[in-house]
Amino acid sequence: SRVILLIAHDQHAFSVLKTATEMKFQPDTIWIGVDAWSNQYPSNMEDFMSGFPVDAHPGYLGITPYQPNDDHLNFLSTLQEAQRRDGKMPWPELPHYAAAQMIDSIQALVTALVATPSKDRRNGTAVMSHLLDLDFDGVGGRVRFTPSGDREDPQYSLLNFRRVNGGGASWVDIGKTGSEIGSTEIDMNEICFADVGCGLDTAPSDSYPVPDPQLALWIPIVIGVIAVLLVGATFSYIRVARKKKQLDSQMTEMQKKIEAVKNIDNDLDNINQVVDDAKKRQASLIMKRAALQGTPSTWIDSPDTLVPVTPEDEEYWSVFEKMRVTIPNVHISKLWRVQNKSLWSYYSFHKDRLEMNDIQPNERRVWHGTSSLDPSIVYADKMDGFMMQ
């Protein structure tokens, strides 16, 4: 395409355009500018135009919000008279199209408020209905609104950036357009296109002609090389297919072995579950036996394995007297009773077996130290209650 829409601010747009000219970018390109740089000028006009041939036009096309010359100049003239009357420096021109839009907006709102009864001026719906009825020529063109509140067929000025006497360039008004199809009014004789010139009856084509395809000499060579590569690729594919078949067979055997291992693991898990269930049943039977055979008379009902024994308990002083036999100056800081039901059941079971075989158990009370070992390893044991380490 030879048409390029450049969306940028003016300080960037003219830098892009100057670079395109310096690098000999397609000289007949039609650059379309948005309002951000249309009707604006490069900071250094002489330097900017130095990249163009003496008789060549930049030929940029631009679009800006519509400013009818007569209404625009009449408003500017009225504003300048008011500024002189107030002793202010008159503006040589309106600062930007936004000023015209602001004036039209104020005029539309004031007109709608005047048409609205004073009691309804705080009613947005009432004011809106009068706004939708407006139709007047404003500073920025004809002002009227659609039922949804948008400006109806807003107008835009069409501009052309072309060379002028003195070596510079200027934006020239070449027509206007609206948002509706068929609303464009343009004077083709006023347009100067880049690398083509002015006064054309019709615009240049927006695309370049596509040349007829020609078979280059190197194409047969490339085709031959591709054919050789295809033959080589075919043989490679056959070898890879054979290897893949062998690999698939090996993978099938491997999958069978994996399935066999999984079955063995499942059997082991089932056996482990049976063992766990047996251990749970054993523990349950031990607890039932303990409930039937009873516990020492000094034990109390408590879920804890270690039960504190206080000086108010007779058992406290019994332990104290037994310790004094071997340690005369002994002092008890704290005393706990071990109420290990599993260990007691295990002990009672073997004691009862001896008695049922007419063997009198030979019980002894001994002291058991633990050195640096955690005492819980001893008193929480479920088999013998001794430090076997």
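Not counting ligands, DNA or RNA, and with a 1.4 Å probe, what is ASP313's accessible surface area in Å² rounded to the nearest 10?
Ignoring ligands and nucleic acids, ASP313 comes out at about 60 Å².
Order the following by accessible area, largest value first: ILE4, ILE223. Probe radius 1.4 Å; ligands, DNA and RNA are ignored.
On the way: ILE4 50, ILE223 105 Å².
My answer, sorted largest first, is ILE223, ILE4.
With a 1.4 Å probe and all protein chains left in place, how much accessible area per residue does the chain have, in Å²? Kindly include the intermediate steps, with their values, before the conclusion.
Values: 27920 Å² over 389 residues.
Counting only protein heavy atoms, the per-residue value for the chain is 72 Å².
Quick one: the Cα spread of region 270-389 along its three principal axes, in angstroms, biggest first?
58, 38, 30
Just from the alpha-carbon atoms, what are the Rg and Dmax of region 100-140 in angstroms?
My reading of the Cα-based Rg and Dmax gives 10.4, 31 Å.
Once ligands and nucleic acids are excluded and a 1.4 Å probe is used, how much of VAL274 is accessible, expressed in Å² to the nearest 10?
Accessible area of VAL274: about 100 Å².
Please compare each pair in LYS279/LYS351; LYS288/LYS351; LYS279/LYS341; LYS280/LYS382; LYS18/LYS176; LYS257/LYS279 to a cut-off of 25 Å on the Cα-Cα distance and tell me which ones are over it.
Details: LYS279/LYS351 23 Å; LYS288/LYS351 17 Å; LYS279/LYS341 16 Å; LYS280/LYS382 14 Å; LYS18/LYS176 27 Å; LYS257/LYS279 33 Å.
With Cα atoms farther than 25 Å apart: LYS18/LYS176; LYS257/LYS279.
For ALA169, enumerate residues with amide H under 5 Å from its amide H, sequence gap 5+ or separate chain, H modeled in the peptide plane.
Distant-sequence amide H within range of ALA169: VAL164.
Solvent-accessible area of MET323, probe 1.4 Å, all protein chains present, reported in Å² to the nearest ten, please.
40 Å²
Which angle from 0 to 90°, rounded to the nearest 10, does the C-alpha axis of helix 10-22 make with the longest principal axis of the chain?
Once rounded, the angle reads 70 degrees.
Round to a whole number: what % of the accessible area of the chain belongs to carbon and sulfur, probe 1.4 Å? If you can, show how the numbers build up before the last one.
Numbers: 16050 of 27920 Å².
In the chain, the share of accessible area belonging to carbon and sulfur is 57 percent.
If the cut-off is 17 Å between C-alpha atoms, which lysines fall inside it for LYS334, apart from same-chain ones fewer than 8 positions away?
LYS322
For the chain, what D do you get in µm² per second when you plug the Kirkwood radius from alpha-carbon pairs into Stokes-Einstein at 4 °C and 1.567 mPa s? Walk me through the numbers on the way to the answer.
Details: Rh = 34.5 Å.
So the translational diffusion coefficient is about 38 µm²/s.
Quick one: which residues, 5 or more positions from TYR66 or on another chain, have an amide H under 5 Å from its amide H? H modelled 1.01 Å from N in the peptide plane, none for Pro or chain starts.
Hits under the 5 Å cutoff: GLN155, TYR156, SER157.
Long-range amide H contacts for GLY138: which residues qualify at under 5 Å (H placed 1.01 Å from N, peptide plane, sequence gap of 5 or more or a different chain)?
It is VAL143, by chain and number.
The values are calculated or read from the model by the stated rules, or taken from the named source; none is laboratory data. Everything numeric here is computed off the predicted structure, so don't read it as measured data. Ligands, DNA and RNA are excluded from the accessible area calculation, which covers all protein heavy atoms including side chains. Shrake-Rupley method; radii C 1.70, N 1.55, O 1.52, S 1.80 Å.
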